[in-house]
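To keep things clear, I will list the structure first and then write my remarks on it.
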Amino acid sequence: MAEAGKKRYPEYKRVYDALRSKIASGEYATKSLLPPEPELEAMFQVSRTTVRKAVELLIQEGLVVAKQGFGTQVINRKTVQNLNRLTSISQTLENMGYTVGTKSIYVQTVPAQGELAKELGLPEETPLVCINRIQTANGSPITIAKNYIAASLVPDLTHTKEKIISWYAYLSERYGIVITGAKDMISACTASFEESELLQIAPGSALLTIHRICSGESGPVEVDQVKIVASRYELEVYMQG
């Protein structure tokens with residue numbers, strides 16, 4: 001006889017655990033589709049509602065993505081950025097099938113000082129616009145980003161109420177500024193308490209730090225300072241020689 005008051009393990013969790021295990025083992029490989037809902041219902045002998053709750057958990061965890069008219073596709077939980085191609089983090093995430101968003105944004109004016117002024121080739125105290133953002137992938141925070149650019153290049157940006165997703169695309173479409181090259185400085189650090197709260201991870205979790213100086217046809221244009229949840233992101237380099 002069952003122990004009195006003992007809760008039954010939810011059916012949707014049982015389905016979720018089984019599907020997650022199949023993804024982890026490679027039975028459902030990256031870029032493959034999960035079986036359609038009717039097949040999953042028959043496989044686990046459960047209702048469609050139960051199947052959908054299980055799949056929603058996989059989506060929230062970043063293991064699959066639902067594509068309307070196509071199916072539910074297994075994705076690589078670690079996003080891979082090819083360092084030989086100039087792409088923004090949001091573009092890399094989108095290429096991997098994530099839905100990218102901006103959880104919060106704060107735009108302010110700051111003076112160019114020290115190393116930042118040198119990197120941008122600007123006199124000290126030149127007004128800069130700093131865009132502070134928390135970016136999300138499938139609803140989960142993944143990056144803390146700061147972008148610095150001369151205020152004279154982006155008039156009225158401090159008054160924007162738009163939730164900027166792709167910074168490079170925004171610069172191109174609104175201001176006609178095209179990024180043609182970049183220099184990245186990559187390091188590792190651990191999340192402070194404040195960063196862990198913003199990214200919803202444990203304090204001390206590993207972060208990737210990318211300090212990028214972006215250039216246009218006439219020289220330096222803007223500087224990016226980005227911290228990324230390391231467990232969900234990889235950097236890939238191809239070399240010859």
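The values are calculated or read from the model by the stated rules, or taken from the named source; none is laboratory data. Just so it is clear, the structure is predicted and the values come from calculations on it, not from any experiment. Cβ placement follows ideal geometry from the backbone for every residue including glycine, while neighbour counts extend to all protein chains displayed. Ligands, DNA and RNA are excluded from the accessible area calculation, which covers all protein heavy atoms including side chains. Shrake-Rupley method; radii C 1.70, N 1.55, O 1.52, S 1.80 Å.
For the range 136-241, what does the alpha-carbon gyration tensor say about shape, rounded, prolate or oblate, given a ≥ b ≥ c as the root eigenvalues, a/c under 1.5 as rounded, and a/b over b/c as prolate?
Values: a/c = 2.19, a/b = 1.32, b/c = 1.66.
Cα axes put the range 136-241 in the oblate bin.
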>> Just to be sure I follow the definition: excluding the sites themselves, where is the longest run in the chain that has none of the trypsin sites (Lys or Arg not before Pro) in a DSSP loop with at most 14 other Cβ atoms within 10 Å?
In response: 164-241
> Once amide H atoms are placed 1.01 Å from N in the peptide plane, what residues at a sequence separation of 5 or more from V64, or on another chain, have their amide H within under 5 Å of its amide H?
Replying inline: I59, I75
>> Under the rule of at least 5 residues apart or a separate chain, name every residue whose amide H is placed under 5 Å from the amide H of I179.
In response: none
> Looking at G114, I75, I210, which one has the Cα that reaches farthest to the positive end of the dipole of the chain (charges on Cβ: Lys, Arg +1; Asp, Glu -1)?
Replying inline: I75
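Quick one: which of K118/K227; K183/K227; K53/K146; K118/K146 span more than 24 angstrom between C-alpha atoms? Write down the numbers at each step before the final one.
Details: K118/K227 22 Å; K183/K227 16 Å; K53/K146 36 Å; K118/K146 17 Å.
Listed pairs above 24 Å: K53/K146.
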> Does the range 92-131 come out rounded, prolate or oblate, given a ≥ b ≥ c as the square roots of the eigenvalues of its C-alpha gyration tensor, rounded meaning a/c under 1.5 and, failing that, prolate meaning a/b above b/c?
Replying inline: oblate
> So how do S25, S88, S192 rank on accessible area, 1.4 Å probe, biggest first, that is with the largest at the start?
Replying inline: S25, S192, S88
> Whose amide H sits under 5 Å from the amide H of Y233, counting only residues 5 or more places off or on another chain, with H placed in the peptide plane?
Replying inline: T79
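Can you give me the accessible area per residue for the chain, using a 1.4 Å probe, in Å²? Numbers along the way, then the final one.
Numbers: 13410 Å² over 241 residues.
I get 56 Å² per residue for the chain.
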> Treating the beta-carbon of each Lys and Arg as +1 and of each Asp and Glu as -1, no other charges, what is the dipole magnitude of the chain about its Cα centre, to the nearest 20 debye?
Replying inline: 920 debye
> Out of A188, S104, T50, whose Cα points farthest toward the positive end of the dipole of the chain (charges: +1 Lys, Arg; -1 Asp, Glu; placed on Cβ)?
Replying inline: T50
> Within the chain, which is the longest segment containing none of the chymotrypsin sites (Phe, Trp or Tyr not before Pro) that sit in a DSSP loop and have at most 14 other Cβ atoms within 10 Å?
Replying inline: 71-237
